[in-house]
Structure formats: C-alpha cells, structure tokens
Amino acid sequence: MGSRSDLPVAEKGISILKKFGVDYELYVASAQRTPKRVEEIVMNSDADIFIAMSGVSAALPGAVASLTTRPVIGVPVSGVLNLDSLLAVIQMPPGIPVAAVGLDRGDNAALLAVEILSVGKPEFREKMAEYRKEMEKNIIADSKAVWSNV
C-alpha cells in the first residue's frame, strides 16, 4: 500500500487471499516518500506476484514493476479526481507491464493473483471453480429474493 489510508481496499484482497489459502505480506511503502524501502521490499521478496495499490499519482505499481520481472497487479485507489489513480496505473511505458483492476478493487486483484498462481497449482483452479459456482448460486438466490418482493 502506498499509505495507511489504502487499508480498506487492501482488506478486500486480504479476505480473498485468506479464503484461497494464499500466503501474503502487507507493507506500507510510498514510491515517492520511501523509494529505498520499496526497493528493499521488492528485492528481498520471494513473492510470485505483487499487488501494489495507491491513490492520487498511483506511482507504486509502476515503481514495483520497474524492480522485478514477476507479475505486478496495480490497484488504483480512489483519489480526489477518482480517475487519476486509474490512469496512472494503466499508462505504463512499453516493457514495464502492470496488470490493472478497477478502482478500489482489491478483491479483484487478489482473484487475479489466484488465477495467475493457478497456472502452476491445480488446487487453486479447483478452488476458483468452487468460488465461481458459489457466486452463481448467490446471484440466483438474489434474483429469486428480488422477484418475490416485487
């Protein structure tokens, strides 16, 4: 996270990672205010995937991506203009890709990380299939509840 204020967005992702049994570490490090800390975290990590979230200039995902060849998922956090962080995450220069999810979608970042991990870990594919079936059941139940109340 670029700052502590990003924690509510991070918690959405943490919930998903826990549900799937994915180990994670959580840090606060700013691309502009603590660049050496960002570098230290990335260079000393054995993570398969990084999820980097920040608002306003949203420089953290790009800074992380510049330091590693492992996948980086950027989560733009709503800012003053709402789209400023989204544009910062998706406008990466050639050669330094960052996967971007929607504004404040820490949950989707975690799900994307699980999908990437599932390439080498079939147990995650199975858990993802179960997760999707559960979503389908919930939507059908919601539809029935709404229809019966109309």
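In terms of its C-alpha gyration tensor, segment 86-130 comes out oblate, because a/c is 1.5 or above while a/b does not outweigh b/c. Among the lysines of the chain, pairs at least eight places apart or on separate chains and with Cα atoms under 16 Å apart come to 5.
Overall, the accessible surface of the chain at a probe of 1.4 angstrom is composed of carbon and sulfur to the extent of 57 percent. A 1.4 Å probe, protein heavy atoms only, puts the accessible area of Leu83 near 100 Å².
Here the Karplus curve 6.51 cos²θ - 1.76 cosθ + 1.60, taken at θ = phi - 60°, turns the phi angles of segment 123-138 into couplings of 4, 6, 4, 5, 5, 5, 4, 5, 4, 5, 4, 5, 4, 4, 4, 5 Hz, with x standing for Gly and Pro.
List residues of segment 44-78, by number, whose backbone nitrogen lies under 13 Å from a label position 7 Å along Cα→C-beta of Asp84. Inside the label zone: 55-59, 77-78. Shown in residue order for segment 13-23 are the 3J(HN,Hα) couplings computed by the Karplus curve 6.51 cos²θ - 1.76 cosθ + 1.60 at θ = phi - 60°: x, 4, 4, 5, 4, 5, 4, 8, x, 9, 5 Hz (x for Gly and Pro). Given axes a ≥ b ≥ c from the Cα gyration tensor, I'd like to know whether segment 31-120 is rounded (a/c under 1.5), prolate (a/b larger than b/c) or oblate. Because a/c hits 1.5 or more and a/b fails to exceed b/c, segment 31-120 counts as oblate. Estimated from helical segments only, the mean residue ellipticity of the chain at 222 nm is -16000 deg cm²/dmol, where each DSSP H run of four or more residues counts as -39500 (n - 2.57).
Given their separation in residues at 0.36 nm each and the Cα-Cα distance between them, Lys18 and Ser143 gain 42.2 nm when the chain is fully extended.
Given axes a ≥ b ≥ c from the Cα gyration tensor, I'd like to know whether segment 1-75 is rounded (a/c under 1.5), prolate (a/b larger than b/c) or oblate. Since a/c reaches 1.5 but b/c is at least a/b, the shape of segment 1-75 is classed as oblate. Note: relative contact order over the chain, using C-alpha pairs below 8 Å and six or more positions apart, is 22 percent. Quick query: amide H of Ile51 versus all other amide H atoms, modeled in the peptide plane; which residues come in under 5 Å with a sequence gap of 5 or more or a different chain? So Ile51 has HN proximity to Ile73.
The values are calculated or read from the model by the stated rules, or taken from the named source; none is laboratory data. Predicted model only: the values in this text are computed from it and were never measured. Note: ideal-geometry Cβ built from the backbone for every residue, glycine included; neighbour counts use all protein chains shown. Accessible surface areas use protein heavy atoms only, side chains included; no ligands, DNA or RNA. Shrake-Rupley method; radii C 1.70, N 1.55, O 1.52, S 1.80 Å.
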